[in-house]
Amino acid sequence: MSATTAETPAPAPAPDTASAKRRSQAWDTALVTVLSFVTALVISAVLIAISDKQTRDSLQYFAHYPGDTFRYAWSAIWHTYQALFYGAIFNPHTAANGTMAGYLGPISETLTNATPLIAGGLAVGVAFRAGLFNIGGQGQIIIGAVFAGFVGFHWHLPAGIHLVAAILAGILGGALWGGIAGFLKARTGAHEVITTIMLNYVAINLLGYLLSVKGFQAPPYGQAIANPVDHNATLPLLLGSSLRVHLGLILSLAAAWLVWWLLKYSRLGFRLRAVGANPFAARTAGMHVENSYIVVMLISGALCGLAGVSQVLGTNPQITSDIDGGIGFDAITVALLGRANPVGTVFAGLLFGALRAGGPLMQQYAPIELVQVIQSLIVLFIAAPALIRSIYRLKTSGPSVGAELAKGWNG
């Protein structure tokens, strides 16, 4: 008697948990980032209270009148953070005059300060994804500004064409300066950290020389300042002549979209990410690792050049010795805070732009160094998610920041 075997029904398809897991990790990352920011503000508030003279003086009679200490401390913290808000987001005192500058002045300053930070952060982030640590943003911004500024004041072209030529010149200048480090890395194995640092000094001293040369230096040749950029080569203002935010913001946001698309959908982006994740496996798979180093440093330098363009064609129409404004190094912090992700870099650039815009107003109540302290604390906690999880007793979900960034840096 032959036994018959019933057909086993096909198993039901497993639920697609990959997308749900990605969403869970994204929410978890966002939560840790927000808690890191809040924690940094809380600790900074303690430092603000300690730095307040009235609060310190009241400690002498704390046992008799403890309320004075808490009142003075709260007043210092409140007024300092209120000044930050007024300087970066909205100031009701200036808005009372009813003008657009009064209403949008603070947010305009935030966007103006964020513009080069976004471009510089993208530059550091895209290099990081390919396994390189580009800390030469300062030099690349300077050279980009020099190229753009020279075309801006030395050439005399029709409106529109002149602006495009100056923008392209600045991007080219930054790309060439970054490409030098990429070429040295690919051909000689020279570490990009060393070469980019050295190139920073070369760019600084080259700028100092140019600011003393007639033709580049503005007459009457008594100060280290370049000729002003022609009006045809300046970036148009987005909100009228009374506000400083300019077209460079749109260019930086467009660059963020291009970098996002490049890394996510293009073959080149896949190759760069593969090289950054494991250069040995990428070489085994037939990828030209050395060429990837050159290409990514050209891209990174071009983005820093764009930051230099926004500085000289938008914010400061005359090149000075401090044209980079510390953006080259702040961009590293922005890229870290944005987790080397284009979208995160945009938000990190806006945050640091707000801190820069609100910093001067904070000086009325606290030392300006506290802004740098706040920035440092934010980065500290963002880079240490395990500490935040431990403080707030959060469950671990997904890789840490260090693990995510390690995928893109084999340095």
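The values are calculated or read from the model by the stated rules, or taken from the named source; none is laboratory data. Worth saying up front: this structure is predicted, and the values here are computed from it rather than measured. Cβ atoms come from the backbone with ideal geometry, glycine included; neighbour counts cover every protein chain shown. Protein only, heavy atoms only, side chains kept; ligands, DNA and RNA dropped before computing areas. Shrake-Rupley method; radii C 1.70, N 1.55, O 1.52, S 1.80 Å.
Could you check the spin-label model distance between I250 and I391? Points 7 Å from the Cα along Cα→Cβ, value in nm.
Going by the 7 Å Cα→Cβ label model, 4.1 nm.
Springs between alpha-carbon pairs under 10 angstrom, Gaussian network model over the chain: which of P116, P279, P219 fluctuates most?
P219
Run the dipole for the stretch 94-365 about the Cα centre, Lys and Arg Cβ at +1, Asp and Glu Cβ at -1, nothing else charged, and hand back the magnitude in debye, nearest 20.
The dipole of the stretch 94-365 has a size of about 740 debye.
Among T69, F280, S58, which residue has its Cα positioned farthest towards the positive end of the charge dipole of the chain, with +1 placed on the Cβ of Lys and Arg, -1 on the Cβ of Asp and Glu, and the dipole taken about the Cα centre?
Result: F280, furthest along the dipole toward the positive end.
By the gyration tensor of its Cα atoms, with a ≥ b ≥ c the square roots of the eigenvalues, what is the shape of the stretch 149-254: rounded for a/c under 1.5, prolate for a/b over b/c, or oblate?
In terms of gyration-tensor shape, oblate.
Only Lys, Arg, Asp and Glu count, each charged at its Cβ (+1, +1, -1, -1), so figure out the dipole size of the stretch 106-247 about its Cα centre, rounded to 20 debye.
Value, rounded to 20: 240 debye.
With a cut-off of at most 14 other beta carbons within 10 Å, and DSSP calling the residue loop, which chymotrypsin sites (Phe, Trp or Tyr not before Pro) in the stretch 134-238 qualify? Please list them.
Counting only loop positions with at most 14 other Cβ atoms within 10 Å, the chymotrypsin sites (Phe, Trp or Tyr not before Pro) in the stretch 134-238 are Y221.
Which of rounded, prolate, oblate describes the stretch 307-367, given a ≥ b ≥ c as roots of the alpha-carbon gyration tensor eigenvalues and a/c under 1.5 marking rounded, otherwise prolate only if a/b is larger than b/c?
It is oblate, given that a/c is not under 1.5 and a/b is not larger than b/c.
For the stretch 94-365, calculate the relative contact order in percent as a whole number, restricting contacts to Cα pairs under 8 Å that are 6 or more residues apart.
Taking the mean separation of contacting Cα pairs over the length of the stretch 94-365, I get 39 percent.
Given the options L163, L268, L111, which has the most mean-square fluctuation in a GNM of the chain, springs set between C-alpha atoms less than 10 angstrom apart?
L268
Counting only protein heavy atoms and using a 1.4 Å probe, what share of the accessible area of the chain belongs to carbon plus sulfur, as a whole percent?
Accessible surface attributable to carbon and sulfur in the chain totals 67 percent.
For a quick protection proxy, order the peptides 46-58, 74-86 by their average other-Cβ count within 10 Å, most packed first.
74-86, 46-58
Put +1 on the Cβ of each Lys and Arg and -1 on the Cβ of each Asp and Glu in the chain; which of G87, I43, Q217 then has its Cα farthest toward the positive end of the dipole?
I43
For H246, enumerate residues with amide H under 5 Å from its amide H, sequence gap 5+ or separate chain, H modeled in the peptide plane.
L238
Report the gain in length on full extension from F280 to V213: 0.36 nm times residue separation, minus Cα-Cα distance, nm rounded to one decimal.
19.3 nm
Quick one: if you stick a label point 7 Å off each Cα along the C-beta vector at W27 and H191, how many nm between them?
Rounded to a tenth, the inter-label distance reads 4.2 nm.
Put +1 on the Cβ of each Lys and Arg and -1 on the Cβ of each Asp and Glu in the chain; which of N113, L336, Q138 then has its Cα farthest toward the positive end of the dipole?
About the Cα centre, the residue reaching furthest to the positive side is L336.
Across the chain, how many lysine pairs, 8 or more apart or on two chains, come within less than 27 Å at their alpha-carbon atoms?
7
Can you give me the long-range amide H partners of I225? Hydrogens built in the peptide plane at 1.01 Å from N, cutoff under 5 Å, separation of 5 or more residues or another chain.
Sorted by chain and number, the residues that satisfy this are A218.
Quote the charge dipole size of the stretch 33-155 about the Cα centre in Debye, to the nearest 20; the model charges only the Cβ of Lys and Arg (+1) and of Asp and Glu (-1).
Dipole about the Cα centre, nearest 20: 160 debye.
With runs of 4+ DSSP H residues as the only contributors, calculate the mean residue ellipticity of the chain at 222 nm using -39,500 (n - 2.57) per run, divided by the residue total and rounded to the nearest 500.
Taken over the chain, the calculation gives -22500 deg cm²/dmol.
Based on the Cβ-Cβ distance from V289 to Q60, what FRET efficiency comes out when R0 is 51 Å, to the nearest 0.05?
My answer for the efficiency is 0.20.
So with the 1.4 Å probe, I'd like the accessible area per residue for the chain, rounded to whole Å².
Solvent-accessible surface per residue comes out at 50 Å².
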